[in-house]
Amino acid sequence: MALDGSALAHTVSSLVSYAVGCGLVDAADEAWAYNAVLESVGATGPAPAAVGDASDLDLEATLASLAEVAVANGVADDTGTGRDRAAMRIMGRLTPRPSDVAARFHDLEAASPVSATDWFYKLSCDAGYVRRAAIARNIRWTTPTRWGDLEITINLSKPEKDPRDIAAAGAAASTDEVYPACQLCMSNEGYPGRAAADVAGAHPARQNLRIIPLELEGERWGLQYSPYAYFDEHCIAMSAEHRPMHVDRTSMSCLLDLVDLFPHYLFGSNADLPIVGGSILSHDHFQGGRHVFPMMRAASCETFAMGEHPDVSCEVLVWPLSVLRLTSPDRTHVLDAATHVLTCWRSYSDASVGVLAETCGVPHNTCTPIVHRDGDDYVVDLALRCNVTSDENPLGVFHPHARWHHIKKENIGLIEVMGLAILPPRLVGELDAVRVHLLDGTSLDDDPLSASHAPWAREVAERHPDLTADVADQVLKDEVGAVFGHVLEDAGVFKWDDEGRAALERFLATL
């Protein structure tokens, strides 16, 4: 329901007061900001209302109310994405200009990289680009496993697609001229977004996106925060050039540049091949943040030496994926060692354990590199990846196997390699149905919500014959966490059995 005159004045005035209090808008620009918000929702009045402190403003609810005004005034589409574009248009008017944000960031960075990222993260949250309220709806827990405590997230933050948008997208004409080329292009900064009916297809609004310009390996890059963060201060560094993902010496040097700039963050790259790569391989980018992932706490099970790199400490981690950790206080030495491992792995085959470097000229081997600082040391973790397929595992031999697809079917990307599961929102209703049937003793197979989980759920029931309502939720969470552990084991190229350990030693001997 659109706001009446007095409610509109109070809502807009409260939003402007919030923006002034957050430092998004200077107090001297308050009248201008009020009028800018009115224009954004297609209104020309009323006059501002007197409001007090608005520091506790519910930004999501406020923007939702103003989006309804925009719809009522005919300046926003009557769809979920139309309302979101209206909300971002409003916040774009209240967010400082990109050049001002960059200047302030670099001023702070000169004295303290931590202060700079703290300020920029707060601004991104206050401006509504990082969707704090939506992120808070995600369901999170940890599960103890043989690999340590794995982190589990059921992602509820990204909005579902509006059926009207889906229908409009199907009716829209296509075009080869798409701008921005993808959602990671730096040209998204300030972009108004597109409706699904647009000939170029749907694209989210980015008026309140701000990107910090960086130079990595002599090239122009940018740093932003993820709007639907999966972990603490989840950020993205993306190339100014729209080009495919690649993992090589240059990209790993860029990761080292990033931890030189921001030693309190880790940064990593998705692998650069389908199946073992992330969801966006079309744009060269890294992900990072201020989070200690389970893999970072993993113990070392053995050390090994690389004769040409005597100054680099080399370890194999106790981790379900096959991860080699290289450590050195000398950046060049650790980069040389990491490049050597990657080069050797690209061409390595061991058919006895299903590892093939290529078939018919198509490469299969790559790495997921993750870099962080530990005091004066550079730490480079290289997760060995192979995207070979088989008749038995057509989606990938080293990919979640079919028995686990009811929980996790998607690619195992950078974040999950490090021990944080990102599970689909469908699981909320499905696991609740499983819980009900296990407690009631009713059929799992006859309920569409629980049918795909039925074989697994019966195994859960056998492991917990005395399951009661007061522990059922925790039992299911622990069992889901265990499945994630198995999924990561599937993604490991050298298994944790005698055959797999022997195969790993054969690879290490080539280094």
Report summary line: Residues of region 211-251 being of a type in the set (A, V, I, L, M) and in a loop (DSSP other than H, G, I, E, B), in sequence order, are Ile211, Ala229, Ala240, Met245, Val247
Query raised in the report: Of these, Ser328, Ser322, Ser300, Ser347, which one is of a type in the set (S, T, N, Q), surrounded by fewer than 20 Cβ atoms within 10 Å (Cβ to Cβ), within 21 Å of Gly268 (Cβ to Cβ) and in contact with a strand residue (DSSP E or B) (Cβ under 9 Å, 6 or more places away or on another chain)?
Result: Ser300
**Report entry** Residue pairs meeting the criteria (Cβ under 7 Å; at least 6 apart or on separate chains; first more than 13 Å from Leu15 (Cα to Cα), in region 28-51; second modelled with pLDDT under 95 and surrounded by fewer than 17 Cβ atoms within 10 Å (Cβ to Cβ))
**Finding:** Pro46/Gly5
Query raised in the report: Looking at region 405-414, is at least one residue crowded, with 21+ Cβ neighbours inside 10 Å, under 15 Å from the mean Cα position of the chain (by Cα) and outside any loop (DSSP other than H, G, I, E, B)?
Result: yes
Report summary line: A careful count of residues in region 252-274 that are assigned to a strand (DSSP E or B) and of a type in the set (A, V, I, L, M) gives 2
Query raised in the report: Quick check, is Leu439 in contact with a Pro (Cβ under 6 Å, 6 or more places away or on another chain) and among the aliphatic types (A, V, I, L, M)?
Result: no
Query raised in the report: Can you name the helices (runs of 4 or more DSSP H) wholly within region 437-511 that have at least 1 residues being modelled with pLDDT of 95 or more, of a type outside the set (A, V, I, L, M, F, W, C) and closer than 24 Å to Pro424 by Cβ?
Result: 454-463, 469-491
Query - Failed item in (1) buried (at least 21 other Cβ atoms within 10 Å of the Cβ); (2) closer than 23 Å to His340 by Cβ; (3) modelled with pLDDT of 95 or more; (4) out of contact with any Asp or Glu (no Cβ under 8 Å at 6 or more places or on another chain), with Val247 passing the rest - result: (4)
Query raised in the report: Which of (1) surrounded by fewer than 17 Cβ atoms within 10 Å (Cβ to Cβ); (2) modelled with pLDDT of 95 or more; (3) hydroxyl-bearing (Ser, Thr, Tyr) does Tyr228 not meet, given it meets every other one?
Result: (2)
Query raised in the report: Does Val428 meet the test of being more than 26 Å from Pro320 (Cβ to Cβ) and either in a helix (DSSP H, G or I) or within 20 Å of the chain's Cα centre (by Cα) (or both)?
Result: no
Query raised in the report: Do the conditions hold for Ser322, that is, is it in contact (Cβ under 8 Å) with a residue 60 or more places away in the chain, touching a Gly at 6+ places or on another chain (Cβ under 7 Å) and among the hydroxyl-bearing types (Ser, Thr, Tyr)?
Result: yes
Requested in this report: Would you check which residues across region 340-370 are in contact with a Ser or Thr (Cβ under 9 Å, 6 or more places away or on another chain) and closer than 19 Å to Ile415 by Cβ and list them?
Outcome: Cys367, Thr368, Pro369, Ile370
Query raised in the report: For region 4-28, what are the residues that are within 14 Å of Pro48 (Cβ to Cβ) and of a type in the set (A, V, I, L, M)?
Result: Ala7, Leu8, Ala9, Val12, Leu15, Val16, Ala19, Val20, Val25, Ala27
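The values are calculated or read from the model by the stated rules, or taken from the named source; none is laboratory data. Just so it is clear, the structure is predicted and the values come from calculations on it, not from any experiment. Note that each Cβ is placed from the backbone with ideal geometry, even for glycine, and that neighbours are counted across all protein chains shown.
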